[in-house]
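So the structure is just underneath, and the comments pick up after that.
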Amino acid sequence: MALNPFFLQGSSSEQRLVQSLINEQLRMYGVEVTYIPRKLINVDNIFTEVESSKFDDNYSIEAYVNTYEGYAGGGDILTKFGMSLKDEVTLTISKERFEDFISPFLAAEPDSEVPLSTRPREGDLIYFPLGQRLFEVKFVEHEDPFYQLGKNYVYQLKCELFEYEDEVIDTSISDIDRQVEEEGYITTLRMIGVGVTAEASALINTGYIREIFLNNDGSGFTSPPLITFEDPLDNTGTTATAVGVLTTKGGITSLKEILITNAGAGYTTIPNILIQGGGGTGAAATCSINTAIVGLGSTGVTAITVDSGGAGYPLVPTVTIARPDPGATATATVGASGTITEFTITSGGQAYVAAPTVTISTPTRSGVLDSIRSVNAGSGYQVNETVRLVPNNVSMGGTEAIIRIDSVNGSGGVTGFTTVYGGYEFEVSSNPSNDFYEARGGSGSDNFRLMVDSVQTVTGTTATGTAVVSAGSTISSITITNPGSGYTKSPHADAPTVTISNENQFKNPGAVQATAVAIVNSSDQVSAIRITNPGSGYLSNPTVTISNPTTIVGIGTYQFNEVITGSDSGATARVKSWDDRSNVLKISYVSGTFREGENVVGSASSATYSVSSYSADDTYDKYTENDEIESEADDILDFTESNPFGVY
């Protein structure tokens with residue numbers, strides 16, 4: 001039998017009244033909480049599982065706390081996996097308030113991130129300010145009380161204390177974000193704030209150790225052995241010194257090489273080398289010496305002193321010692337047609353025995369006229385005469401373009417023209433009334449004006465030349481074999497470069513370039529330089545150049561939760577915190593491995609610093625004792641000699 005139509009089960013006006021009363025009660029007796037919707041980042045479509053999510057929005061809403069004594073949870077219990085927090089809370093919020101003030105914003109988000117926006121969702125977070133805790137919505141009850149006057153008015157959110165995993169939380173509310181700055185698996189990047197180039201100086205001498213031969217690398221070393229040379233017979237000489245470098249293969253530690261720290265001086269006979277200490281045995285080495293007293297091959301680099309260790313060297317820098325015989329240098333002169341007309345030798349170099357290779361840079365001109373049009377025909381011009389267009393920055397080296405007039409009208413106004421030479425460093429015009437190029441030269445009385453619609457970059461033909469070696473073993477001249485084309489007329493900042501080879505194949509064999517390697521300490525400074533080849537033929541102390549640190553000055557401030565990327569490794573992570581005083585960057589959600597020496601760039605801040613070191617250990621979690629457990633286990637079970645569980 002149908003319901004009595006004369007008794008309403010709830011009119012819309014009554015429903016609105018009930019909703020208003022509920023809203024008022026919530027404002028009077030509720031607590032203002034922050035609703036934080038979960039956004040899905042990655043979803044496994046096979047298992048329909050959320051792999052990663054983020055919380056970067058927040059909405060304030062009043063809520064009534066249904067349970068408050070101990071949050072009505074199961075309490076905190078200690079399990080074999082650690083402390084388990086079971087605090088729970090049940091909150092009541094207004095259905096109307098959620099639908100009016102939160103749902104519209106959620107509906108504007110992509111469905112892939114927020115698949116449901118009409119009601120609160122399981123998995124969303126609630127920040128409870130009284131306890132400064134984050135709760136996760138586990139169940140949404142929307143039928144309690146049950147259809148009063150035919151409608152539901154509230155949502156009951158049954159929440160459990162949020163267990164943080166790898167979610168991205170960045171609500172822009174400091175009280176909330178601070179809760180997770182030290183949570184999760186956090187690793188450390190130590191960055192370089194300021195890099196300073198190291199400096200060193202070299203000393204040359206005669207009668208020095210030329211090369212060390214490791215005849216037997218020995219075994220059983222626990223530390224580098226002491227390397228000792230016999231004194232030179234000449235009492236005024238200097239005893240050589242060296243250090244050993246160890247290597248471990250197959251569990252056996254032996255000598256890898258011996259590097260010279262001082263090549264000595266005054267040796268006329270080959271000295272004996274004594275290798276002792278370091279816990280090893282069996283290592284033996286011999287050496288060769290340079291006994292020349294006079295002539296091109298008599299002197300080599302015997303010692304290198306670090307004058308300044310610099311700063312910011314997480315990786316070993318390159319050490320370059322100048323050659324004993326400097327190479328020749330030259331410049332090229334470019335004519336009006338864009339071809340090389342002359343080479344000028346600025347330094348003839350030394351010790352050339354064969355004509356070296358000459359390399360001239362390939363010409364490239366940018367800002368060359370591509371498409372131009374007339375904005376004022378002018379008057380008084382004649383057919384076949386040429387005019388010039390001057391780029392705005394001609395004082396900085398721009399080159400004029402040449403325009404040929406093909407046709408004129410009765411008053412000598414230009415009606416047709418051709419670009420003969422496109423010039424250099426022109427810019428596209430933006431406004432015909434005030435951004436044009438005025439023709440210069442010619443017979444015109446009223447100037448012809450042109451607007452540039454587009455420019456291009458043009459690559460020309462590379463010039464070639466042959467070096468001429470003089471009787472004094474220097475380069476006396478360069479003969480042009482191909483003048484090339486498309487070069488920028490001299491003088492210009494982009495003038496062609498001329499490189500004359502200084503390789504050994506063209507030089508006197510008595511001159512050999514010295515080589516060395518740098519040693520970097522734990523403070524990222526160059527602490528020493530070891531000589532790998534003293535070279536020969538030096539007439540004066542050569543310059544020693546140490547390559548620059550990766551970053552000279554770090555810039556910017558990393559922002560919380562922004563993504564950072566390693567320039568070489570491609571590794572990514574999210575920023576937890578940045579300390580610009582200690583240059584320590586705490587990161588999480590790491591993908592890949594950051595490399596020492598590479599630049600790390602922030603996606604939002606553009607902050608850029610170089611990596612000094614990367615520690616993959618979470619040293620900020622007081623419950624993380626993996627290293628200690630492993631160390632204790634190693635003391636109990638020793639796998640280095642045999643398997644304690646037997647052979648199988």
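The values are calculated or read from the model by the stated rules, or taken from the named source; none is laboratory data. From a predicted model like this one, the values you see are computed outputs, not experimental measurements. Quick reminder, even Gly has a Cβ in these numbers, built from the backbone with ideal geometry, and neighbours come from all protein chains shown.
Per the conditions (1) farther than 28 Å from residue 342 by Cβ; (2) at pLDDT below 90; (3) of a type in the set (Val, Ile, Thr), the sole criterion not satisfied by residue 399 is (1). In the stretch 501-518, the residues that are under 24 Å from residue 304 (Cα atoms) reach residues that are acidic (Asp, Glu) and not in a helix (DSSP H, G or I) with C-beta atoms within less than 6 angstrom, at least six apart or across chains, in these pairs: 511/325. Restricting 65, 50, 43 to residues that are surrounded by 12 or more Cβ atoms within 10 Å (Cβ to Cβ), touching a Phe, Trp or Tyr at 6+ places or on another chain (Cβ under 9 Å), at pLDDT 70 or above and in the same structural domain as residue 165 (by TED's automatic domain parsing) narrows the list to 65. Is one or more of the residues making up the stretch 547-568 small (Gly, Ala, Ser), more than 30 Å from residue 324 (Cα to Cα) and in a strand (DSSP E or B)? Checking the stretch 547-568: at least one residue is small (Gly, Ala, Ser), more than 30 Å from residue 324 (Cα to Cα) and in a strand (DSSP E or B). The single condition from (1) in the same structural domain as residue 480 (by TED's automatic domain parsing); (2) hydrophobic (A, V, I, L, M, F, W, C); (3) surrounded by fewer than 17 Cβ atoms within 10 Å (Cβ to Cβ); (4) at pLDDT below 90 that residue 394 fails is (1).
The number of residues in the stretch 421-476 being over 45 Å from the mean Cα position of the chain (by Cα), more than 21 Å from residue 336 (Cβ to Cβ), part of a loop (DSSP other than H, G, I, E, B) and not assigned by TED's automatic domain parsing to the domain that holds residue 501 comes to 6. Somewhere in the stretch 290-299, is a residue in contact (Cβ under 8 Å) with a residue 24 or more places away in the chain, within 46 Å of the chain's Cα centre (by Cα) and part of a strand (DSSP E or B)? Checked the stretch 290-299: no residue is in contact (Cβ under 8 Å) with a residue 24 or more places away in the chain, within 46 Å of the chain's Cα centre (by Cα) and part of a strand (DSSP E or B). On the stretch given as the stretch 491-517, residues that are assigned to a strand (DSSP E or B) and loosely packed, with under 14 Cβ neighbours inside 10 Å total 1. Take the conditions aliphatic (A, V, I, L, M), closer than 19 Å to residue 461 by Cα, surrounded by 18 or more Cβ atoms within 10 Å (Cβ to Cβ) and within 35 Å of the chain's Cα centre (by Cα) and apply them to residue 340. Does it pass? No.
If the condition is being out of contact with any Leu (no Cβ under 7 Å at 6 or more places or on another chain) and under 9 Å from residue 192 (Cα atoms), then the stretch 602-612 contributes 609, 610, 612. Report whether or not residue 488 is among the hydroxyl-bearing types (Ser, Thr, Tyr) and buried (at least 17 other Cβ atoms within 10 Å of the Cβ). Against the criterion (among the hydroxyl-bearing types (Ser, Thr, Tyr) and buried (at least 17 other Cβ atoms within 10 Å of the Cβ)), residue 488 qualifies.
Quick one: would you say residue 234 is modelled with pLDDT under 95 and closer than 30 Å to residue 315 by Cβ? Judged against the criteria, residue 234 is not a match. Could you grab me the full set of residues in the stretch 416-432 that are farther than 14 Å from residue 387 by Cα and at pLDDT 85 or above? Result: 426, 427, 428, 429. Under the condition of being in contact with an Asp or Glu (Cβ under 9 Å, 6 or more places away or on another chain), closer than 12 Å to residue 444 by Cβ and in a strand (DSSP E or B), the residues counted in the stretch 372-387 number 2.
So that you can scan it fast, the table gives a plain yes or no per residue for (1) crowded, with 18+ Cβ neighbours inside 10 Å; (2) within 26 Å of residue 352 (Cβ to Cβ); (3) touching a Gly at 6+ places or on another chain (Cβ under 9 Å):
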| position | (1), (2), (3) |
| --- | --- |
| 538 | yes, yes, yes |
| 543 | no, yes, no |
| 546 | yes, no, yes |
| 564 | yes, no, yes |
| 569 | no, no, yes |
| 573 | yes, no, yes |
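For the stretch 297-312, a tally of residues being over 22 Å from residue 243 (Cα atoms) and either surrounded by 22 or more Cβ atoms within 10 Å (Cβ to Cβ) or touching a strand residue (DSSP E or B) at 6+ places or on another chain (Cβ under 7 Å) (or both) returns 5. Look at (1) of a type outside the set (S, T, N, Q); (2) farther than 29 Å from residue 539 by Cβ; (3) outside any loop (DSSP other than H, G, I, E, B) and you find that residue 307 fails only one, number (2).
Just so you know, in the stretch 433-492 the residues that are among the aliphatic types (A, V, I, L, M) and in contact with a Pro (Cβ under 9 Å, 6 or more places away or on another chain) include one that is nearest to residue 390 (Cα to Cα), and it is 451.
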